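Report on the following structure.
The values are calculated or read from the model by the stated rules, or taken from the named source; none is laboratory data. Because the structure is predicted, anything quoted here is derived from the model rather than measured. Positions of Cβ are backbone-derived with ideal geometry, glycine not excepted, and every protein chain shown enters the neighbour counts. Quick note on the areas: whole protein, heavy atoms, side chains included, nothing else; ligands and nucleic acids left out. Shrake-Rupley method; radii C 1.70, N 1.55, O 1.52, S 1.80 Å.
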Amino acid sequence: LLDLVADGELYLRSVETILPIVIGILLGGTLGMLIGVWLGLSTTAARLAWLSIALFRPIPPVAILPLTMLVYGIGIRMEAAIVGFACFWPMLLLTRDAVASVDIRLFEVARMLGLPRRSQIVKIALPAAAPRVFTALRLTLGIALIVAVTTEIAANPFGLGYAIISAGLSLRPDVMYAFLTWLAILGWLLIERL
């Protein structure tokens, strides 16, 4: 592990894994959160979106690997697209449930006081749902790390996943265990310390 730190490979592989995670969460997670807020506030929209969610949510993120490879080729964009797809669903569902569980009486009082809909969302719905949305974000970080490493093992010759599988195939268990140890530390830092 110290040798990998000294020669810079650990840093390089970590950046190659973290960058698609950040991009995927920013795109997929943010979009999921915005649509989740909308579905949580509108029961009509939630009913209309139910079939689409039921059909597309069960698709394993790695199953779209061939499609993303066709569209983006191999690299960070392909991996970020898969991570974004994986992050979209938990953020959407957990944000929808968090916003839908806000006490309806708060919205009734806000309407009686003449508070515009936009202010109701910003001043009532989002603050009340924030703790559960942050929990969703922590869960999404764990999912993003798992999907990113799995994508790298399966098809992307970059990042920690590729370094682990490459070390294993090269019969270098010391390097493989060093990367696995760093991956465990990185996962702990991302999920528990943020």
Inset, instruction - Quick one: which residue in SER42, SER14 is buried (at least 16 other Cβ atoms within 10 Å of the Cβ) and more than 16 Å from MET91 (Cα to Cα)? - result: SER14
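Return yes or no: is LEU92 within 19 Å of LEU27 (Cα to Cα) and open to solvent by 60 Å² or more (accessible area, probe 1.4 Å)? Before you say what the answer is, go through the steps one by one.
Details: within 19 Å of LEU27 (Cα to Cα): yes; open to solvent by 60 Å² or more (accessible area, probe 1.4 Å): no.
For LEU92, the condition - within 19 Å of LEU27 (Cα to Cα) and open to solvent by 60 Å² or more (accessible area, probe 1.4 Å) - is not met.
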Legend entry - Single match in THR140, THR135 (criterion: touching a residue at least 24 places away in the same chain (Cβ under 8 Å), open to solvent by less than 70 Å² (accessible area, probe 1.4 Å), under 28 Å from LEU51 (Cβ atoms) and in a helix (DSSP H, G or I)): THR140
Inset, instruction - Name, by its number, the condition in (1) touching a helix residue (DSSP H, G or I) at 6+ places or on another chain (Cβ under 8 Å); (2) over 17 Å from LEU10 (Cβ atoms); (3) in a helix (DSSP H, G or I) that does not hold for ASN156. - result: (3)
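Counting just the residues of segment 1-11 that are part of a loop (DSSP other than H, G, I, E, B) and either within 17 Å of ILE76 (Cβ to Cβ) or out of contact with any Leu (no Cβ under 9 Å at 6 or more places or on another chain) (or both), which one comes out least open to solvent (accessible area, probe 1.4 Å)? So that I can check it myself, show each step before the final result.
Step one: list which residues in segment 1-11 are part of a loop (DSSP other than H, G, I, E, B), which gives 1, 7-8.
After this cut, where a residue has to be either within 17 Å of ILE76 (Cβ to Cβ) or out of contact with any Leu (no Cβ under 9 Å at 6 or more places or on another chain) (or both) as well, the list is 7-8.
Details: ASP7: 102, GLY8: 27 Å².
Only one residue tops the list, namely GLY8.
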Inset, instruction - Scan segment 23-33 and give yes if some residue there is at pLDDT 90 or above, over 24 Å from LEU126 (Cα atoms) and crowded, with 18+ Cβ neighbours inside 10 Å, otherwise no. - result: no
Inset, instruction - Go through GLU108, GLU79 for me and flag whichever is part of a helix (DSSP H, G or I) and either among the hydroxyl-bearing types (Ser, Thr, Tyr) or in contact with a Ser or Thr (Cβ under 8 Å, 6 or more places away or on another chain) (or both). - result: GLU79
Legend entry - Test set (1) open to solvent by 60 Å² or more (accessible area, probe 1.4 Å); (2) touching a residue at least 12 places away in the same chain (Cβ under 8 Å); (3) more than 12 Å from the chain's Cα centre (by Cα); (4) closer than 19 Å to THR95 by Cβ - LEU48 fails condition number: (2)
